[in-house]
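Please treat every number below as a calculation from the coordinates, not as lab data. Just so it is clear, the structure is predicted and the values come from calculations on it, not from any experiment. With ideal geometry, Cβ positions are generated from the backbone for all residues, glycine too; neighbour counts draw on all protein chains shown.
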Amino acid sequence: MFAGLKKIFNKNIECGEKLIGKFLYFYPSRFGKYHINRNIVIPADFVVVVVCKGRVTDLLQAGKHTLNESTLLGTYRFMRVGRFSKSGKQPTTINVDLYFVYTKAIKFFAFFSDMPFKKDSKKFGVVKGKANGVCTLQITEPIKFIETLLIGNGYINQSIAESELGLSIGNKINTLIEKAKFEFVEVLDDKGMITSYLSDKLEFEYDKIGFRIYFVQLKSLNINKTKRILVNKYIADKQIKEGVFAKEALSLLKGGFINQNEKSAFLTNSESVEGTAQTMGSSYSISGSKICSHCSVEYSEMFKYCPHCGKSD
């Protein structure tokens, strides 16, 4: 009872359990208005990016803050809000958007693609495909990160961020695979090589927009139908010859790709970024694609859940 009353009369801005499994949370408010001198509580490993009229104006670190001129100096200057209005009245509200941003490593962030790579192969001829998989993503500069996502969007949330980032990373990977000097068969034979190659190429690729990529792991390749049977046969023959039937490959064929979190590609984990390298496997599968019945995004059939909306068909 007392806990319920405390929640009702609590005037602080705090998210609590709403931040579980989130790397980006848009705090809902009535018409974007917040009362001046209201407190905001920001948990550890999060920051709050303050946006005013589509422009980032302030950054609040973890801790408890009071929304006023001293903590929102950039916002007050941008809005030209003084201590008193022309009528002599002191302003009681301020119009801003608040974004809670997670600053630690985001493991098992799903990427997908819609712009296929095209690569010559001595064994298979010209192969076209779309990369799907996971990586570790870390937001290093929250201001740049939010500014980039706000371009063309009135506001953003985690679903929008997952879709735009996942697609950007996946298509960039397709470009890297196409331009790489190694043969396509090397992608199939040496998973460690392709993981290392993509991780090195992508680590600082997104520095300018506020995040970094680590430990890129391909999970499936949506190969054009004319080559898919040949490629799958090559993989099967190779595994039989070597006596290796990767458990991860079998789980992929069953569609149990991102089983750590059924609703999102994001997985909260207390391990360090370096620890991810030890947990990632080395097998992926060749797949077709399907269209999500909920959001109409095309993605690999190896995904159990749509990497865009998180729903299952």
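Structure notes:
- For the stretch 144-161, Karplus couplings with θ = phi - 60° (6.51, -1.76, 1.60), whole Hz, Gly/Pro x: 4, 4, 5, 4, 5, 5, 6, 4, x, 10, x, 8, 9, 9, 5, 4, 5, 5
- Alpha-carbon centroid distance for the pair the stretch 102-171 / the stretch 62-77, whole angstrom: 33
- A DSSP coil position with no more than 11 other Cβ atoms inside 10 Å describes the following chymotrypsin sites (Phe, Trp or Tyr not before Pro) in the stretch 34-142: PHE84.
- Taking 0.36 nm per residue of separation and subtracting the current Cα-Cα distance, fully stretching the chain between ASP120 and LYS179 would add 20.2 nm.
- ARG77 versus GLU14: modelled label distance in nm, points set 7 Å from Cα along the beta carbon direction: 3.1
- Taking a Cβ cut-off of under 9 Å around ASN12, the surrounding Lys, Arg, Asp and Glu residues balance to a net charge of +2, with basic ones at +1 and acidic ones at -1.
- Global form of the stretch 96-172, assessed from the alpha-carbon gyration tensor, a/c cut-off 1.5: prolate
- Derived scalar couplings ³J(HN,Hα) [the stretch 126-137; Karplus, 6.51 cos²θ - 1.76 cosθ + 1.60; whole Hz; x for Gly, Pro]: 7, 10, 10, x, 10, 7, 9, x, 9, 8, 9, 10
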